[in-house]
1. Among the numbered criteria (1) modelled with pLDDT under 95; (2) closer than 20 Å to Pro392 by Cα; (3) of a type in the set (Gly, Ala, Ser), which one does Ala487 miss?
2. Taking only region 111-124 into account, find how many residues are surrounded by 21 or more Cβ atoms within 10 Å (Cβ to Cβ) and polar (S, T, N, Q).
3. Could you tell me which of the residues Thr382, Thr377 is open to solvent by 50 Å² or more (accessible area, probe 1.4 Å) and either at pLDDT below 85 or not in a helix (DSSP H, G or I) (or both)?
4. Which of (1) at pLDDT 90 or above; (2) out of contact with any strand residue (DSSP E or B) (no Cβ under 7 Å at 6 or more places or on another chain); (3) charged (D, E, K, R) is the odd one out, the single condition Glu136 does not satisfy?
5. I want to confirm something. Restricting to region 73-103 and keeping residues that are closer than 23 Å to Ser461 by Cβ, assigned to a strand (DSSP E or B) and among the small types (Gly, Ala, Ser), which single residue is least open to solvent (accessible area, probe 1.4 Å)?
6. Checking Tyr562 against (1) under 26 Å from Ser463 (Cα atoms); (2) over 18 Å from the mean Cα position of the chain (by Cα), only one condition comes out false. Which one?
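The values are calculated or read from the model by the stated rules, or taken from the named source; none is laboratory data. All of these numbers come straight from a predicted model, not from anything done at the bench. Neighbour counts run over all protein chains shown; Cβ positions are idealised from the backbone, glycine included. Surface areas here come from the heavy atoms of the whole protein model, side chains and all, with no ligands, DNA or RNA. Shrake-Rupley method; radii C 1.70, N 1.55, O 1.52, S 1.80 Å.
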Amino acid sequence: MAAAAGLVAAAAAALGALLMAPGLTQPHGEGPPEASGPGPRGGAGEAERRPPGRMDQALLLVCNELPAQGLRLAAVSGACHQCLYQFLAFIPPSNGSLRKPGTAAVMVDTQHPLTLLLNGSVGDRELCKIQYHFGEFGNYSLVVKTLSSSTKTVSCDLVINKGPINSYLPILFAFLVYMGILAILIVGHLFMKIDPVRNWVYKKLNPRETDRLINSELGSPNTTDSASSGPTPRFWSTASRQRLRSLDTFRGLSLIIMVFVNYGGGKYWFFKHESWNGLTVADLVFPWFVFIMGTSISLSLSSMLRWGNSKQKVLGKILWRSFLLIMLGIIVVNPNYCLGPLSWDNLRIPGVLQRLGFTYLVVAALELLFTRAGAETGTLETPCLALQDILPYWPQWIFILMLEVIWLCLTFLLPVPGCPRGYLGPGGIGDFGNYPNCTGGAAGYIDRLLLGEKHIYQHPSSSVIYQTTMPYDPEGILGTINTIFMAFLGLQAGKIILFYKDQHKQIMSRFFIWSIVMGIISAILTKCSKEEGFIPINKNLWSISYVTTMSCFAFILLLLIYYLVDVKRLWSGAPFFYPGMNSILIYIGHEVFENYFPFKWKMQDSQSHAEHLTQNLTATTLWVIISYLLYRRRIFWKI
């Protein structure tokens, strides 16, 4: 295990060396190179006036050879649904006597395809429309000229003066580095099966058994609570059910991806949150963390009650944990610190830990209140055997369904001033600019009404592409209802594990059935479309389709990890298992020390995906190493 830690520690240096190799980065401070080839005429003076190149941008030089009129260039991103065209530049007419075309240089986005619209200044007539996906740091020319003076037919030709770079090569190199480390670890594992080698390593390392002393936070099963509750301390016997490593592995996987995307994800757009409807990698991890929290709640409460803890004492623990999570989120992990010292005037009230704390409180209290003796062991009689892990908990399901009815009524029936009823859009320039101040519809309105505009998130993901100006909080009040539903589905997964104890085929088949059911519901709600469904998938709103889709993925992912880690034991869960054991400490630590060395340093080239990816992967790898060292020293922080 120490060798594994050393290999992981070496990953950062190897990764940096590979990603910073020649060919993966290029200097950007000097501006784009001068155009060559069949591009527009204009000389070196115009090249010097071109704006400098930036990450996720390309240079477009528009050349107007029309003598009679100027041109208005506008564009709209392919990721912006039903958006208004945004004006980019005015291109003057050509100087016929000097045979010099009018030119204008603009920087265009390369993250998504663009639709360019050219209108003439005379009569505002549409001359041409071009759809194109520009490449990063590419140099392009758009030449507009008249093909025939008699017909006045206008042509718009897009010319590549200098080809773009492949900004995805750093991802490939990083993948190869980590795959190399994995291959070394696999070979080491095979050597460990040789008795002399294994005995020598064990003699040198003298590893200790730590699993029975581990107490994971957020309601994971533990023995300390149980042992301290009775008159005499007790520990798990060797015959008792062992801790499921798959749950900690699932939690750790979600957490590590969360840390990586929070640190920037190499500044790639698919490692950032989706601007509005749809999914990216960054949108997967928080609901998965909520899901596995619900699973842990089921196992933890069952364990504590089985060890003789009273419901009043368990409820006290639930209240205390929820309070600590909410306070940590408000006081310690608060993004509004960037506005200055903590002040009530601009304190952000919602947040990730706040939502986790409140969700934990509701789901754990609901489970504690309606838990029934014999339900987990299958001794209760149910009229339908196929639903025997559901029907005993019908009061909980009624409560959850009532919450969903409340969410639907508030979302689609609550009047929002200046907005259409049931509006689910981003506002800004979306919906053709008709509702610029309606970001989030009822969800945004409730937060602004109850919390105040200064106490919610000021820079939502919709502000870039949709150019929204209203503050909107993705961890707001209304979306918490569906977060509770997500945790409750995780709770159901925990009940399946308890109900079908050691019946691996039954557990995996139930996970698969739940995944299929959630997937079908998602398909109906979204019409298998990103934008045109009844309720689109939306992380900002935490829409019901977002929850069903994420739970569909979560059940499948948990099934795979459970099969590999706990059933077949083909995988120990490393390295994700270690951060999964200290999830709250790792999450808070990565937020608090985000801007400190060695997690962040001054870059030589801040406009390079390779440098950002190196820094973000290094920081994420360091937290994995820290979690491993904490595990080896039996340090586990739970609340």
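1. So the condition that Ala487 fails would be (1).
2. Of the residues in region 111-124, 1 are surrounded by 21 or more Cβ atoms within 10 Å (Cβ to Cβ) and polar (S, T, N, Q).
3. Numbers: Thr382 fails: open to solvent by 50 Å² or more (accessible area, probe 1.4 Å).
Step by step, each of Thr382, Thr377 is checked, and only Thr377 is open to solvent by 50 Å² or more (accessible area, probe 1.4 Å) and either at pLDDT below 85 or not in a helix (DSSP H, G or I) (or both).
4. If we test Glu136 against (1) at pLDDT 90 or above; (2) out of contact with any strand residue (DSSP E or B) (no Cβ under 7 Å at 6 or more places or on another chain); (3) charged (D, E, K, R), just (2) comes out false.
5. Ala75
6. Result: Tyr562 passes all but (1).
Matching residues to (1) touching a strand residue (DSSP E or B) at 6+ places or on another chain (Cβ under 7 Å); (2) closer than 28 Å to Leu356 by Cα; (3) surrounded by 14 or more Cβ atoms within 10 Å (Cβ to Cβ); (4) not hydrophobic (A, V, I, L, M, F, W, C):
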{"residue": "Thr411", "(1), (2), (3), (4)": "no, yes, yes, yes"}
{"residue": "Phe432", "(1), (2), (3), (4)": "no, no, no, no"}
{"residue": "Arg448", "(1), (2), (3), (4)": "no, yes, yes, yes"}
{"residue": "Ile465", "(1), (2), (3), (4)": "yes, no, yes, no"}
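Yes or no, residue by residue, for (1) in contact with a helix residue (DSSP H, G or I) (Cβ under 9 Å, 6 or more places away or on another chain); (2) basic (Lys, Arg); (3) farther than 24 Å from Leu84 by Cβ:
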site: Trp397; (1), (2), (3): yes, no, yes
site: Ile400; (1), (2), (3): yes, no, yes
site: Cys409; (1), (2), (3): no, no, yes
site: Leu414; (1), (2), (3): yes, no, yes
site: Gly422; (1), (2), (3): yes, no, no
site: Gly428; (1), (2), (3): yes, no, no
site: Tyr435; (1), (2), (3): no, no, no
site: Gly441; (1), (2), (3): yes, no, no
site: Ile456; (1), (2), (3): yes, no, yes
